[in-house]
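Worksheet for the structure shown next.
Since every read-out is calculated from the coordinates, none of them should be taken as a lab result. Because the structure is a prediction, the values reported are computed rather than measured. Every residue, glycine as well, gets a Cβ built from its backbone with ideal geometry; the counts of neighbours run over all protein chains shown.
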Amino acid sequence: MARVPAEQRRRQLLQAALRVVATEGVAAASTRRIAGEAKLPPAVVHYCFRSIEDLLDALTALVFGEMAEVAAVALRAHGGVESSIRAALHRLWAPYRTDPARYKALFDLVPYALRRPSATMVIRDYEDKICGLAERFLIDVAERNNKTWQDPADVISRVLISTVDGVVLAWLIDRDDGKTEAALDWLAASIASGVTDSSGHS
């Protein structure tokens, strides 16, 4: 039987860990449980990762790295101020609808990561990156429409990202598409109301 490269085993174990965390929570993510989910001997986990904490740190980096990639695609300006923001917010929500279990795992990993210095740096870097993407998006939207934000774009971007996090978390709980769409549309309209044109009119 051909030897499987360690990196391939790592990816296999990370995907297994993601499934365990998504369905049972971080507390259930033991070496034995993850190995069983991956259909591998527990010794393989120890071969690929220094510890279960090392594996969960790697999982945190993987999940939040993917989220940053989603945001980079979603936060692009097209059209008017409100329509651009509305479309971007719906694009940020779309992956949750496609793979809700994956994003349940994301929210479960946050409290774990906040107790681990190495993992805390991962989510801190993610927050800095996604807020930076949102800030550049807002500046681009305003410039394309000959508008100026009444408040600092970095403040608005933080409110935007924090509010979207809350809205999509609520969706993971109740799966109410209509209320989520209404909330995102309201957020887009509220944020868009904070621009003025070159003559100073909103």
Given an 8 Å cut-off on Cα distances and at least 6 residues of separation, report the relative contact order of the chain as a percent. 22
What lysines sit close enough to LYS179 to cross-link, taking a C-alpha to C-alpha distance under 29 Å and skipping anything fewer than 8 places away on the same chain? LYS104, LYS129
With a point put 7 Å past each Cα toward its Cβ, work out how far ARG136 is from GLN15 in nm, to one decimal. 3.1
Under the Karplus curve 6.51 cos²θ - 1.76 cosθ + 1.60, θ = phi - 60°, whole-Hz ³J(HN,Hα) for region 113-127, x wherever Gly or Pro sits: 5, 5, 9, 10, x, 5, 6, 4, 5, 4, 6, 5, 4, 4, 4
Kindly express, to the nearest 10 degrees and within the range 0 to 90, the angle between helix 52-74's C-alpha long axis and the longest C-alpha principal axis of the chain. 30
Given Cα pairs under 8 Å that are at least 6 residues apart, what percent is the relative contact order of region 99-169? 26
Principal axis dimensions, largest first and in whole angstrom, of the chain by Cα: 71, 34, 30
Please determine, in degrees from 0 to 90 and to the nearest 10, the orientation of helix 177-192 with respect to the longest principal axis defined by the Cα atoms of the chain, where the helix direction is its Cα long axis. 50
If each residue of separation counts as 0.36 nm, what is the full-extension length gain between SER118 and SER193 once their alpha-carbon separation is subtracted? 23.1 nm
Quickly estimate the mean residue ellipticity at 222 nm for the chain, helices only: each DSSP H run with n ≥ 4 gives -39500 (n - 2.57), and the total goes over all residues, rounded to 500. -26000 deg cm²/dmol
Hey, with R₀ at 22 Å, roughly what FRET efficiency would SER51 and ALA28 work out to, going by the Cβ-Cβ distance, to 0.05? 0.85
By Cβ neighbour count within 10 Å, fewest first, VAL168, VAL21 rank VAL168, VAL21
Segment TRP186-ALA6, length gained on full extension (0.36 nm per residue, minus Cα span): 60.0 nm
